[in-house]
Every structure is written in structure tokens, then in C-alpha cells.
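Peer 1: One structure, as C-alpha cells, below. Some questions next.
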Amino acid sequence: MNSEDFLSQFVGSNIVLLLIALFIIVSIFLGVRIVPQSEKFVVERFGRLQAVLGPGINFIIPFLDRVRHKISILERQLPTMSQDAITRDNVLVQVETSVFYRILNPEKTVYRIRDVDGAISTTVAGIVRSEIGMMDLDDVQSNRTQLIARIKSQVEDAVDNWGIEVTRTEILDVNLDQATRDAMLQQLNAERARRAQVTEAEGKKRAVELQADAELYAAEQIAKARRIQADAEAYATEVVAKAIADNGLEAAQYQVALKQVEALTKVGDGPGNQMILLPADAVDAFKNAFGMLKGRS
């Protein structure tokens, strides 16, 4: 074998080895898939769903299997949506909503729905109009938390077949037209005026009640004082009557004489020089009184 034949044989064998090595490298490259933590890969084989690859290192059959879709499983927020709705009491409102969701089953999402965001937006708009149509305007304003919960529940049921989880729904604002705003402002002012009148009337009523209670208390205290005074006078009368019963007429005369002396003393203690004229029988009475007082002492 000459050198040319050997060289050609060597080159041919090397080319085969290179092709085999290249095939192996390409097979490894196509057969190994590293999936990020925030994504899932949908694999097809001859146009049909074969597998869903989760985060980490995954192996597929080269040249047969193909990664057809790379789906992010991060939570997403739809753009703020605004739609008109009519309440049960025929008030036109404009509701601004926002929805947060994430994809749980990518195989359902990619094969059952084309425009996920558009489908969810349409679904939310219909549910919001339906729910607000069953509520009065006051209920929409005051029970917003319950309204959000009902909307979220119905949206979850509607998108369940799409492999989607609705994590949160929000009603950002409920806007009214200018005519409705003016009417509500008038109603609010009227309600404030009514409450002020009620408060003032209750204050006057309370003042009257307190005044009546004060007068009643004063009357009760006066009656109590009179009752105590009457009891004291009755007790004194009882003591005098008992003394008369025990000591006879002499005790009564002694008390009268004592009172006469006390009266005369008070007259004599008056201001200035005073002359007291007494009838003769009064003088005799005082003599008797002083005699009885002397006898007592």
C-alpha cells in the first residue's frame, strides 16, 4: 500500500469519527434541557403533546422530541380594565378592575386557549357587570370586599379549564357620572343637616331631663328636711307631754316660766336704752316664774 492510499484511508476514517462525534454532541445538545425555576417547557413528539418539563435538568429523545412552548409560571397582572355597569337601582357606574393570575398547567393553557389575557379580561368584564347588576349603588360602595370575593370565585371557576389560577382580583375604583355625584352630594348634605338637628334635639331633651332631675332632687331634700323637723317637733311635744304626765301641772308651769324669762332677756339685750312697761298681772306672773325657777334651782 502506497502513501496516497494510506492517507486517503486515514482521512476517510477520521471524517467518519468526526461525524460520529458531531452526531453525539448534537444529540446531547438536543436531548438535554435545563429548565429555569420560573418556567415550564411543553414537549411535543410528531406534533402531539409528549411531556411537560419542570425546573432543573431534563432529558428528551433527540430529533423526535421538540420543546414547542416555553411558559412562564410567574404571577402575572393584567392591565387595568375599565367597563361600564348598571346597578340594580339603575345607576351607571364605571368600574376599574385588575386581575392577578399564574399558569399552573401549561399543557391546558397552550392547547385550550389562544389569547389568555384577552380571554380573562372578557370573562372578568362579564362577571363584574353581572354582579354589580344585582346590587344597589350603596351596596357596591360599602360591600366592596364581598363583591371582590364573589368576582374572584366566579373567575376561578371560569378559567379552571385553562390551567390557570386566579390569585387576586381588585376593584380599584367605582366612578360615577357628574349628575349622580351632585345628587349624592345633596343627599349627603341633607343627611348631615338631619343628624345635626337630631343631635341638637337630643341635647335639649337631655338638658330638660337634667333640670327636672335637679328640681326633683331639691324637692325631695326639702321634704326630707321638713319630715325631720316634724319628727323633731313631735319628739319635743312627746317629751313635754311625758313630763306633764310624770310631774303634773307644776312641770308645765315651770316650762312656761322659763320661756317668759328667756323672752324678757332677749328684749333687754336689744340695742340702746329701752324702757319696758309691763302690766301688773304680767309682773305677778314673772314673780311666780322667778319663784318657780328659784325653787327649781
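Peer 1: State which residue pairs qualify: first residue charged (D, E, K, R) and inside the range 45-60, second residue part of a strand (DSSP E or B) in any location, beta carbons under 8 Å apart, and separation of 6 or more residues or different chains.
Peer 2: Arg45/Asp65; Arg45/Arg66
Peer 1: Part of a helix (DSSP H, G or I), more than 24 Å from Asp173 (Cα to Cα) and not hydroxyl-bearing (Ser, Thr, Tyr) - does that describe any residue in the range 117-133? Give the derivation first.
Peer 2: Keep residues of the range 117-133 that are part of a helix (DSSP H, G or I), which gives 117-133.
Among the residues that remain, those that are also more than 24 Å from Asp173 (Cα to Cα) are: none.
No, the range 117-133 contains no residue that is part of a helix (DSSP H, G or I), more than 24 Å from Asp173 (Cα to Cα) and not hydroxyl-bearing (Ser, Thr, Tyr).
Peer 1: Could you list, in sequence order, the residues of the range 51-106 that are of a type outside the set (A, V, I, L, M, F, W, C) and touching a Pro at 6+ places or on another chain (Cβ under 7 Å)?
Peer 2: Just the residues of the range 51-106 that are of a type outside the set (A, V, I, L, M, F, W, C), to begin with: 54-56, 58, 62, 65-66, 68-70, 72, 75-77, 79-80, 82-84, 87-90, 94, 96-98, 101-102, 105-106.
Passing the criteria: Pro55, His69.
Peer 1: Quick one: in the range 39-63, which of the residues that are loosely packed, with under 13 Cβ neighbours inside 10 Å and touching a strand residue (DSSP E or B) at 6+ places or on another chain (Cβ under 8 Å) is nearest to Ile24 (Cα to Cα)?
Peer 2: From the range 39-63, those loosely packed, with under 13 Cβ neighbours inside 10 Å are 46-48, 54, 56-57, 59, 63; that's our starting set.
Okay, now just the ones that are also touching a strand residue (DSSP E or B) at 6+ places or on another chain (Cβ under 8 Å), so 54, 56-57, 59.
On the way: Gly54: 25, Gly56: 22, Ile57: 18, Phe59: 14 Å.
Taking the candidates together, the pick is Phe59.
Peer 1: Right, next: Among the residues of the range 63-70, is any out of contact with any Leu (no Cβ under 8 Å at 6 or more places or on another chain), more than 30 Å from Val99 (Cβ to Cβ) and among the hydrophobic types (A, V, I, L, M, F, W, C)?
Peer 2: Going through the range 63-70, the residues out of contact with any Leu (no Cβ under 8 Å at 6 or more places or on another chain) turn out to be 64-66, 68-70.
This time we only want the ones that are more than 30 Å from Val99 (Cβ to Cβ), so: 64-66.
From the residues that got through so far, the ones that are among the hydrophobic types (A, V, I, L, M, F, W, C) too are 64.
Yes: one or more hits.
Peer 1: Being assigned by TED's automatic domain parsing to the domain that holds Val32, over 27 Å from the mean Cα position of the chain (by Cα) and not charged (D, E, K, R) narrows it down to one of Ile120, Ile61, so name that one. Show your work before the answer.
Peer 2: Details: Ile120 fails: assigned by TED's automatic domain parsing to the domain that holds Val32.
Just a single option satisfies the conditions, and that option is Ile61.
Peer 1: Taking the stated definitions as given, is Gln154 in a helix (DSSP H, G or I), in the same structural domain as Ile86 (by TED's automatic domain parsing) and under 16 Å from Ser98 (Cα atoms)? Before you say what the answer is, go through the steps one by one.
Peer 2: On the way: in a helix (DSSP H, G or I): yes; in the same structural domain as Ile86 (by TED's automatic domain parsing): yes; under 16 Å from Ser98 (Cα atoms): yes.
Against the criterion (in a helix (DSSP H, G or I), in the same structural domain as Ile86 (by TED's automatic domain parsing) and under 16 Å from Ser98 (Cα atoms)), Gln154 qualifies.
Peer 1: Taking the condition among the polar types (S, T, N, Q), assigned to a helix (DSSP H, G or I) and free of Cβ contacts under 8 Å to residues at least 12 places away in the same chain, does Gln187 pass?
Peer 2: Yes.
Peer 1: Is it the case that some residue within the range 176-183 is closer than 29 Å to Ala85 by Cβ and in a strand (DSSP E or B)?
Peer 2: Step one: list which residues in the range 176-183 are closer than 29 Å to Ala85 by Cβ, which gives 176-183.
With the extra rule that they be in a strand (DSSP E or B), the set shrinks to 176.
Checked against the condition, which is being closer than 29 Å to Ala85 by Cβ and in a strand (DSSP E or B), the range 176-183 yields at least one hit.
The values are calculated or read from the model by the stated rules, or taken from the named source; none is laboratory data. As the structure is a prediction and not an experimental result, all values here were calculated from the model. Every residue, glycine as well, gets a Cβ built from its backbone with ideal geometry; the counts of neighbours run over all protein chains shown.
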